[in-house]
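For reference, the structure discussed in these notes is given below.
Just so it is clear, none of the values below were taken in a lab; they were calculated from the coordinates. Note that the coordinates shown come from a computational prediction; the quantities given were computed from them, not determined experimentally. Using ideal geometry, Cβ is built from the backbone for each residue, glycine included, and neighbour counts are taken over all protein chains shown.
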Amino acid sequence: MRYRMAMVSPPRNPPSGANRAHGEPGATPLRQNLVRLGAVLVCAILLFAGPASRAGFALDDRETILENPLVSGQRPALQAFGQDYWHHRGDAGLYRPLVTLSLRWNRQWLGDAPAGFHGVNVLLHLAVLAWAGVILALLSPKRRVPWWALAVFSLHPIQSEAVVWIAGRSSSLCALFGLMPLGLYLAQSASRTVPRSMLAVWAFMGTLLPLLAKEDGLAFAALWWFLPLGFPLARRVSVACALLVVMALRTWALGGLGLDGSRGALAGLGILERIPLGLGVLGQGLTSLLWPAIGLQDVNGQGRVWQAVGLLVLLALLGALIFTLRSNSPAKRSRTIAGAGLAALALALLPWLQWIPGPELFGPRFLYLPLLFGVFALSATEPSRGSNPLPCAALLVGLTLGLRPVVAAQSLGFENPVAFWTQRTIQRTADARSWNGLANALLAQEPMTPGATRAARSHFVRAIQLDPNYSRPHVGLALLARQAERPQEERDHLAAALRLAPQNPIAWANLGSLHLRAKRPLEALEAYKMATQLQPGRAVLWRGLARAHAALDHPIEAQSAIRKALALDPSDPRTQAWSQRIEPH
């Protein structure tokens, strides 16, 4: 019967100390737990609700929500499981169907206004906090839940990006889908013995669902693998089966696992160059927990000191993991819970090492899951006797009020794209991509206005000065040249962009448009063919290809291309107009 029961025994066989009077060693009064959890929930609302209510669409929120036909409901919901998360803008090797569906349902129920998306983001964070508190209470019935560790996870200003930025919900959604099956299993096992088959189902769902929300969800596989929940063989077989299902889904949807790293931030470097930089990112990223402002700075992994810090952190984590997993006996269950948290924490940090180049080196939202698993790792450190919960709650509220200005400052960039990129350029003055992003945001917010045009041109030029090998500013300058009706200047900038990045689909599409305006449909056709090959999920490129075929009097090919554009984005009025011109009547 050693593996027949879960960590939490049924009421007919209560754990030692469960019937002790309030205040005795080993007691965990329900009232104290509820007061502490309620206090942390209230503090999280006080901290993040205000900045979230003032935020709008930032960075790529519009592309993710308003310009995604899956989110808008123009395409069947199940197609989310059969394509890349960014298929409508260009595949990026990301498979997050549950995030896409959450945005879709969010838009259907609450409309297009950003307030509805931000409100759901805050609720997701509160739900993660509540489930984590319940799970820790169920896992450790003889000890106090580590409420201060839970408060650090919930209230740390570094969480602003995951909570206040709409697209950051992938982290909280991943955490919620990972915690819910575990919490439901523990609640079920608290009242009765759970059969082996049910535990296998919960383990399967607890591994599969978070991986359908974010790649970091792999860390929940470690949590289910190492937690002392009984039936270890059945549980671990279920974890392995869930991983195989995810691999099959990714291969079907992405044409592979999506782990080639060809578009990663360090894709051009060899493994021996990436590993030191990854250690530096680990050191810098974790240091941002002590000083959150570093999360908005240029975390690039450079510097021997940061790389040494990252190596020390990695070695300390591995050492703690080995130590806590040395025994799986019932007498050391608290140590095993901590070991499961450390194993999950290690897997959550693994992408930072850049063994496979990730699309981005670091973002504050990357700390969401490591902080959560850190709470599990600290689950055995809370003393069995604690102070009155009311003073602790008052102290939490005071701490929250003191953190509000920090969170407000961290959230300034989430009001709109211009604000986002302005904050990035302040923090990353030498980052060419930030200046390019600011220029494009200005042109999108104030199209064709002289002030925005002048500022955008200045920012594009600065981006090129900072990184002469960066192609995208040339695409922006080509757009400004088109608006000013200077075709030769437009051609020169597009040629420069394609010389630096031959796989840039927007540059090819803009070159195709230039050829069409110059009455060179054959050259336009070749350019649009290249663009659609590089980014097959973007409707505007297929519309351009249809125009090129129509100019060459290729009616069948033109009809095929415009139908593809309509299938991708049926509500676009320009695509509808061209369909009327091309399709036979």
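Helix 521-534 axis versus longest C-alpha principal axis of the chain: approximately 10°, rounded to the nearest ten. Binning the C-alpha pair distances of the chain at 10 Å intervals from 0 yields a P(r) profile of 3, 15, 25, 25, 16, 9, 5, 2, 0 %, listed from the shortest bin outward.
Of the trypsin sites (Lys or Arg not before Pro) found in the stretch 185-262, the ones in coil according to DSSP and having at most 16 other Cβ atoms within 10 Å of their Cβ are 192.
Here each label is just a point 7 Å from Cα along the line to Cβ, and for residue 323 and residue 523 those points are 6.8 nm apart. Annotation for the stretch 478-585: trypsin sites (Lys or Arg not before Pro) lying in DSSP loop with at most 13 further Cβ atoms inside 10 Å of their Cβ are 519. Helix 169-191 and the longest principal axis of the Cα set of the chain meet at an angle near 30°.
Relative to the present Cα-Cα distance, how much length would full extension add between residue 311 and residue 483 at 0.36 nm per residue of separation?
The span from residue 311 to residue 483 would gain 56.8 nm if fully extended.
Between the stretch 192-240 and the stretch 530-564, the C-alpha centres lie 46 angstrom from each other.
The loop-placed GluC sites (Glu not before Pro) in the stretch 478-585, going by DSSP, that have at most 14 neighbouring Cβ atoms within 10 Å of their Cβ come out as 485. Mind jotting down the distance between the C-alpha centroids of the stretch 244-290 and the stretch 47-69, whole Å? Rounded to whole Å, the Cα centres lie 26 Å apart. Comparing 392, 66, 456 along the charge dipole axis of the chain, the residue lying farthest to the positive side is 392, per the Cβ-charge model. The angle between the Cα long axis of helix 539-551 and the longest principal axis of the Cα atoms of the chain comes to about 20 degrees, rounded to the nearest 10. Available extension along the chain between residue 192 and residue 267 is 21.9 nm, counting 0.36 nm per residue and deducting the alpha carbon span. Using R0 = 22 Å, the C-beta based FRET efficiency linking residue 554 and residue 491 works out to 0.30.
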